[in-house]
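Taking it in order: structure first as structure tokens, then the write-up.
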Amino acid sequence: MEVSMRSNHVKLIRVVDLLKEKALNGLIIYSDGLSSLLRPAYLHYFSEFKPLGPRNAVVLDRSGNIALIVQPAWDGPRASQKTWIPDVRGSSQFLKDLTKTVEEFHLQGPVGVVGMREMKEEVYLGLKKKIELRPADEIIEEMVREKGEKELALVRKASRIADIGAKAFLDYARVGIREYELVAEMEYAMRSAGADDIFLLLSSGRHNREMHEPTDRRLEKGDIVIGEITPGVNGQFIQLCRTVVLGKVNPVLVEKYEILIHALDESLKEIRSGASASSITIAMNRVIGEAGYAKYCAPPYMRSRGHGFAVGSIAPGGEIDDKMKVNLEKHQVIAVHPNQYIPETGYLACGETILVTDTGAERLSGIETKLYESA
Amino acid sequence: METMQPVLKNGRNVWDRVNMPEAEFCDRLNKIRKTMKRENLDLLLLYGNGYDDYGNYSYLSNYVIRLARGALVVLPIKGEPALIFEGASRGIPSVRKTTWIQEIRAGGDASKESVKFLEEKKWVPSTVGLIGVKSQMPYDQREFLRDSLRGSRLLDVDPLLREMRMVKSSREIDQVRRAGRILSRALAVLSETFFPEVNEKTMEGTLYREARIEGAEDFRVMISKPKRDQGTFSPPEEGTLLSGETVVLYLAVEFERYWSEAIRTLIVKDNGLVPVERQDLNERYKKIIELLEPGKAASQFCKEVQTQIRKEKAELLPTYGLGQGIGLSPREYPILSKDDKTPLKEGMCLTVRFIVKDEALGAAMTGNTLLLTRKGPEILT
């Protein structure tokens, strides 16, 4: 580096290089503080601080001047503890503090903005008056590709917690419990194990149509209970899709679930770094189609065959499909789930999250994907 | 108070028509239309986004989006309203279970879907009132809306609904009361629980479990340890709480769309968490909330609180604000600050927080959700 950086953090060095490559004078990484399973958390990834307020931004220039502005102001000490960015500014007048920092860093001309779609009008227009805004999400997307031990440790920790959640699902899915009580037990198990965020959908009944948030319904004998169990740790989510039958399993259900297991296995065989992402869904849809359900391989009978999971990116994408033109990369974390409505059985949940390696898919769950039976 | 937002509202998702019958929404519809007529509005778009700011569209529809997405109600001065949410159309049957509105549309972008719908209905060009659009809609969606409805007269009319939402109906008050009961129950269970090792995550898990079992739709926990970490609130993390340590808990719960919050100070003792009973803190808090009176401006209340505290030679730590309205959002109007001149009214649900420095505890904090009645405040938590 020619300039004296305000921090020697590897992310800052990398981002400054990328700014130069893209002829940008600076970068603003913005967050509205909302979490979404299928939206990358760019500011969280870059700063290593998960914001809670409605307006937060990292501002940096090509010389390595960098500041993290967080709202509410009282969240500043927490931000300072979490982030590697030395200059943290708690703010109660966000736009004023943001534009002041832009001026302080002498940002002019084209400035990249990551997370621009999270901006509301006041911030967007306020910045637009000062600088030329250029969408620049790809800067973080490029950085995220380089996964280290720290990220992989997080993946494994979230996987262990997902197994704990799946075990609670299988243990507590019993006749008489209400759907929302089942969620309470699963959430307790996963939070106590270290999850800091959880996404849980389920459904119960003889013939389910979709997974949804829990209702008052009490589980009954003969129910098929389906669940999408997704704990998160520090922004990294892992998803397991499981099905349990309360009582004796109908042979038709066994037969149909086997189709989904086969579809999952076949799709996992396609996974390795360099392979086409679409090969996952092509393999999955082929198995389901050959079983006579080709016309059900589209919404509303299924939603998504798979998607990526990582703090700073959801590559290869938020919805993997047959037409996707991207290749898988080493250490991508992908949820693969042939969750499917079948007319004879209703909607069934079957899937897990894997790690892409050079030699294939590494299954991250220790809880087998199969049709479970509960007394 | 700001809290860490979840990735999904995981809790119980129902519309209890006994607690909140359709008649309640008919009353609201009539009230809003009367105001629309007064303001010469042909249409109203009531928009909200995310986990906390759903009140504008939920006030009329009862629906709440469970993800970090937007939704809105399109209300014509005459005719049936429509609910538009960001999500897949396969979610419509589930959405239908929690709203009385028949016309439901789904799409990837609330703004684009709205324009499509308005054009299809031939409801534009017209005079369109916008609520929540300026402050909550992502700028690119707002730009699209503005560009697409160029022939219409667009007016930001946020205060129109703010007034209505501030004063709660008796059914709304009951919902806030129910939410308050969940908090009381969760705190009671926490103080009865024996922990082999008191750590933040197990404590959080216990609170979540109890709140969910009691029907919490959404639940938030923040923790402060005044003897260390500068005593600011954070989401619970992995870490042991030491015996004798002061723990301040901020809890907020959403029950059937309505929020309530409470703050309590506890001490780690004998593998458990024991509530701190400080008579002086309770008395001071009581004196403060007694200053809440219908007719008084929110700013005047703040001024009087400051005078009261000075008189007692106590120290007010205003970091988190004195409080604000609560209901369909954990933070709504009025704001109990020196700048908000909104007159306090009977039927408002408010939060009031109070924190004092304390040599032994580091700090002690208390907070409740209150109902403002003719006779003064009633504590709901």
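The values are calculated or read from the model by the stated rules, or taken from the named source; none is laboratory data. This structure is a prediction, so every number in the text was calculated from the model and none was measured. Because the Cβ atoms are built from the backbone with ideal geometry, glycine has one as well, and the counts that use them run over all protein chains shown. Please note that ligands, DNA and RNA were not included when accessible areas were found on the heavy atoms of the full protein model with its side chains. Shrake-Rupley method; radii C 1.70, N 1.55, O 1.52, S 1.80 Å.
The figures follow:
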| item | result |
| --- | --- |
| Within the range A:304-320, considering residues that are within 14 Å of chain B (Cβ to nearest Cβ) and open to solvent by 20 Å² or more (accessible area, probe 1.4 Å), the one farthest from A:G351 (Cα to Cα) | A:V311 |
| Qualifying residue in the range B:36-51 (condition: within 14 Å of chain A (Cβ to nearest Cβ), out of contact with any Pro (no Cβ under 8 Å at 6 or more places or on another chain), open to solvent by less than 30 Å² (accessible area, probe 1.4 Å) and under 20 Å from B:E163 (Cα atoms)) | yes |
| Filter result for A:D163 (closer than 30 Å to A:H331 by Cβ, touching a residue at least 24 places away in the same chain (Cβ under 8 Å) and either charged (D, E, K, R) or touching a helix residue (DSSP H, G or I) at 6+ places or on another chain (Cβ under 9 Å) (or both)) | yes |
| Residue ID - surrounded by the most Cβ atoms within 10 Å (Cβ to Cβ), chosen from residues in the range B:150-181 that are under 15 Å from the mean Cα position of the chain (by Cα) and β-branched (V, I, T) | B:V176 |
| Any hit, the range B:305-328, residues being within 14 Å of chain A (Cβ to nearest Cβ), open to solvent by 10 Å² or more (accessible area, probe 1.4 Å) and modelled with pLDDT of 95 or more | yes |
| Wholly enclosed helices (runs of 4 or more DSSP H) of the range B:125-183 bearing at least 1 residues more than 13 Å from chain A (Cβ to nearest Cβ) and of a type in the set (A, V, I, L, M) | B:158-166 |
| Enumeration of residues in the range B:100-115 that are buried (at least 20 other Cβ atoms within 10 Å of the Cβ) and either among the charged types (D, E, K, R) or within 14 Å of chain A (Cβ to nearest Cβ) (or both) | B:A110, B:S111, B:E113 |
| Qualifying residue in the range A:122-132 (condition: under 30 Å from A:S374 (Cα atoms), open to solvent by less than 40 Å² (accessible area, probe 1.4 Å) and among the small types (G, A, S)) | no |
| Subset of the range A:60-89 (residues that are among the acidic types (D, E) and away from every other protein chain (no Cβ under 14 Å)) | A:D61, A:D87 |
| Residue in the range A:100-120 that is of a type in the set (S, T, Y), at pLDDT 95 or above and open to solvent by 10 Å² or more (accessible area, probe 1.4 Å) present | no |
| Check on A:R272, surrounded by fewer than 20 Cβ atoms within 10 Å (Cβ to Cβ) and either in contact (Cβ under 8 Å) with a residue 60 or more places away in the chain or over 30 Å from A:S31 (Cα atoms) (or both) | yes |
| Qualifying positions in the range A:195-234 - open to solvent by less than 20 Å² (accessible area, probe 1.4 Å) and on the phi > 0 side of the Ramachandran plot | A:G205 |
| Output for the range A:69-99, where each listed residue is open to solvent by less than 10 Å² (accessible area, probe 1.4 Å), in contact with a Gly (Cβ under 9 Å, 6 or more places away or on another chain) and aliphatic (A, V, I, L, M) | A:I69, A:V70, A:A79, A:L98 |
| Lone unmet requirement of (1) assigned to a loop (DSSP other than H, G, I, E, B); (2) open to solvent by less than 20 Å² (accessible area, probe 1.4 Å); (3) modelled with pLDDT under 95 for B:R353 | (1) |
| Given (1) free of Cβ contacts under 8 Å to residues at least 12 places away in the same chain; (2) surrounded by 18 or more Cβ atoms within 10 Å (Cβ to Cβ), number of the condition A:D61 does not satisfy | (1) |
| Filter result (more than 10 Å from chain A (Cβ to nearest Cβ) and of a type in the set (G, A, S)) within the range B:225-271 | B:G239, B:S243, B:G244, B:A252, B:S260, B:A262 |
| Scope the range B:184-203; condition buried (at least 24 other Cβ atoms within 10 Å of the Cβ) and within 10 Å of chain A (Cβ to nearest Cβ); matching residues | B:M203 |
| Residue match in the range B:87-97 (condition: modelled with pLDDT of 95 or more, touching an Asp or Glu at 6+ places or on another chain (Cβ under 9 Å) and either more than 24 Å from B:E120 (Cα to Cα) or of a type in the set (A, V, I, L, M, F, W, C) (or both)) | no |
| Where B:Y57 falls short, out of the listed (1) open to solvent by less than 10 Å² (accessible area, probe 1.4 Å); (2) within 14 Å of chain A (Cβ to nearest Cβ) | (2) |
| Single condition A:H262 does not satisfy, out of (1) buried (at least 19 other Cβ atoms within 10 Å of the Cβ); (2) modelled with pLDDT of 95 or more | (1) |
| The one condition in (1) open to solvent by 10 Å² or more (accessible area, probe 1.4 Å); (2) at pLDDT below 95; (3) within 29 Å of B:A68 (Cβ to Cβ); (4) not charged (D, E, K, R) that B:S243 fails to fulfil | (3) |
| Complete set of residues in the range A:167-192 that are within 8 Å of another protein chain (Cβ to nearest Cβ), open to solvent by less than 30 Å² (accessible area, probe 1.4 Å) and among the small types (G, A, S) | A:A184, A:A189 |
| Residue match in the range A:145-152 (condition: closer than 20 Å to A:I314 by Cβ and either of a type outside the set (D, E, K, R) or touching a Pro at 6+ places or on another chain (Cβ under 6 Å) (or both)) | yes |
| Some residue of the range A:205-217 being more than 14 Å from chain B (Cβ to nearest Cβ) and in contact with a Leu (Cβ under 6 Å, 6 or more places away or on another chain) | no |
| Qualifying residue in the range A:285-303 (condition: within 20 Å of the chain's Cα centre (by Cα) and open to solvent by less than 10 Å² (accessible area, probe 1.4 Å)) | no |
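Per-residue answers, yes or no, for (1) at pLDDT 95 or above; (2) more than 18 Å from the chain's Cα centre (by Cα):
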site	(1), (2)
A:T281	yes, yes
A:F309	no, no
A:I314	no, no
A:N327	yes, yes
A:N339	yes, no
A:I342	yes, yes
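Every residue, every condition in (1) within 14 Å of chain A (Cβ to nearest Cβ); (2) crowded, with 18+ Cβ neighbours inside 10 Å; (3) within 24 Å of B:G325 (Cα to Cα); (4) in contact with a Pro (Cβ under 8 Å, 6 or more places away or on another chain), yes or no:
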| residue | (1), (2), (3), (4) |
| --- | --- |
| B:T3 | yes, yes, yes, yes |
| B:P6 | yes, yes, yes, no |
| B:V18 | yes, no, no, no |
| B:I32 | no, yes, yes, no |
